[in-house]
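Written out below as C-alpha cells is the structure these notes cover.
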Amino acid sequence: MGWLKEKLLQGKKLLENTPQKEYLQLQELQPWLQGQAQRIIAETKLEEALASYIQQLQAKRWQLEIKLEEWKNLCKDINNEMRDFFTEIKTLIHLLTFPEKPTIESVSDSNKELGSHLKELKNFLDSYGEKEYSVLLPDGREAEQVIFTPFIKELLELEKYQQEFDQKIIQSRFRTLELLQEKRQQLESATQTLERLQEKITAFQLRVQQVEEKKQEKAAELEQWKQHPSFGMFLRLEENRKVLKQGIVAHQDEVVRFFSQVTPVLDAFKLQLSNPKLVDQYVQDPESAFFHDEQLAILHLLQQVKALGLENPMEKMHSTALPVTLQQTTSFLEKCTQADVGHVHQLRQRQQELQQQGASIAPSPEEQGTLVKMEDAQYRLEHFSKQVAQLQHQQKEIEEQQNELQEQRAQEIGLFQHLVKMGFGKEVEVKV
C-alpha cells in the first residue's frame, strides 16, 4: 500500500502547487490590478530603479542646460539649422523634467516619448553628418567639434539610461499591467454602452406594448364594424377606390410620358407661338396643364410648330440652325402623328371616364358618416400595425448591436484572462 500513499502525497502536493482560480467582478478589476502593481513593484524593486533613473536624467538635464547656454553664446549669429538644433535640445530638457513625486506609470509613459525623441535627434545628427559642408561658428571653429560631438556623448548616455530602465519595466511585467489597464477600460466602456443599449431596448419594448394595445383596440373596433349592414358596401367601395386609383396613376403616367416628348420643342419655339403661357404650363406640370386645358388648345400649338418647317428637319437643318436636336424633332413629330389620329382626344376621354367613375362610387350623404367612421377605424388599425412593425424593426437593430458588442466584450474578457495567465501565471475569471 506504500505506492498508494506516495501517489496520494504527490496529488496533494500538485493541488497545493496549482494556482487557485480567482473570480473577479468587472468593478473589482481596478483594485485587483492596483494590488498586482504594488506586488510587482515590491518584488522587482522598481521604486529603487525609478529613483536611480530620475537622478540620472536630472543630472543630464542640468548638464544640458549649462551647455545649452554655452553653445548659444558661441553662436551669436546662428543659422536656421543650428536654431532647429537648439529647439530640439530645449524639447529634450523638457522631457527630462519630472514632477516632484513621479510615479512609475507616468515615467513609463514619458520614457516612450523620450526614446522617440532621442531617435529623432540621432537622425538629425546623421543627416548633418552626410552633408558636404560644415557649420562654422563666429570664431571660425566647426560646430561639429565644439557642439555636435560633445552632445553625441550625452545623447548616447541618455539613450543607454532610457533603454536600461525600459528593459527593467519590461522584465518586471509592468508593460503587461499597462495593457491590462487598457483592456479594463475597454471592458468598462463596452459595459456602459451595453447598459445604454439595454435601456433603449426596454424603452422600445414598452413603446411596442403601448402601440400594440392601441392596435388591438382598433382591431376590436373594426370587428364590431364588420357586423354593420353597410360594411359590405364599405369593402366594395374600398376595392373600387383601389382600382380607380390604379387607373388614375396609369393615366397620369401616360399623359406625362406623351407630353415630355413634345415640351422641349414647344419650349424652344414658344416665343413664335400664339400662347407661350400655355407652353410654360405644359413644361412645368404637363399633368395639371392637360387637366385644365378643356379646349385642348395644345393641339393648335402643335400644328403651329409643325408649320415652322419641322416636317422636313434635315432640309431645315441645312438652311438654318434649329434650336432643338434631330432626336427631339423626330420624337416631337411622332407624337404629333399620334395626336393627328386622336391620341390626345383619347387621353381626354379617359380622363373624363375616370372622373365619372369617381363620382359613381361616391357614397350618399346618409351613408357618408358611417363610412367615414369605418375608414377611420381601418386607417388607425393600419397605422398602428405599421408603427408596431417599425418599432420592432428598430428594436431588432439595437438588439443586434447589443449581441455584437456582447460578443466583442466576451472576446476582450478572454484576452484579459489570457494576458493575466501568460504574464503572471494566475487563473482569473472575469464576471460581468
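Give just the number: which of (1) closer than 30 Å to Asp340 by Cβ; (2) open to solvent by less than 50 Å² (accessible area, probe 1.4 Å); (3) at pLDDT 85 or above does Val256 not satisfy?
(2)
Could you please find all residues in the stretch 170-184 being touching a residue at least 60 places away in the same chain (Cβ under 8 Å), within 15 Å of Gln30 (Cβ to Cβ) and charged (D, E, K, R)?
Glu178, Lys183, Arg184
I need every pair where a residue in the stretch 251-274 that is farther than 13 Å from Phe291 by Cα and of a type in the set (Asp, Glu) has its Cβ under 6 Å from the Cβ of a residue that is modelled with pLDDT of 85 or more and outside any loop (DSSP other than H, G, I, E, B), sequence separation at least 6 or different chains.
Hits for this filter: Asp267/Val283.
Do we have Gln209 as open to solvent by 80 Å² or more (accessible area, probe 1.4 Å) and free of Cβ contacts under 8 Å to residues at least 60 places away in the same chain here?
Here the answer is yes, as Gln209 does meet what is asked.
Does the stretch 82-105 contain any residue that is at pLDDT below 80, farther than 30 Å from Thr176 by Cβ and either of a type in the set (Ser, Thr, Tyr) or open to solvent by 70 Å² or more (accessible area, probe 1.4 Å) (or both)?
yes
Do we find that Lys277 is open to solvent by 90 Å² or more (accessible area, probe 1.4 Å), at pLDDT 75 or above and not aromatic (Phe, Trp, Tyr) in this structure?
The answer is yes for Lys277.
Of the residues that make up the stretch 132-150, is at least one of a type in the set (Phe, Trp, Tyr), in contact with a helix residue (DSSP H, G or I) (Cβ under 8 Å, 6 or more places away or on another chain) and at pLDDT below 85?
Yes, some residue in the stretch 132-150 is of a type in the set (Phe, Trp, Tyr), in contact with a helix residue (DSSP H, G or I) (Cβ under 8 Å, 6 or more places away or on another chain) and at pLDDT below 85.
The values are calculated or read from the model by the stated rules, or taken from the named source; none is laboratory data. None of these values were measured; they are calculated from a predicted model. Every residue, glycine as well, gets a Cβ built from its backbone with ideal geometry; the counts of neighbours run over all protein chains shown. Please note that ligands, DNA and RNA were not included when accessible areas were found on the heavy atoms of the full protein model with its side chains. Shrake-Rupley method; radii C 1.70, N 1.55, O 1.52, S 1.80 Å.
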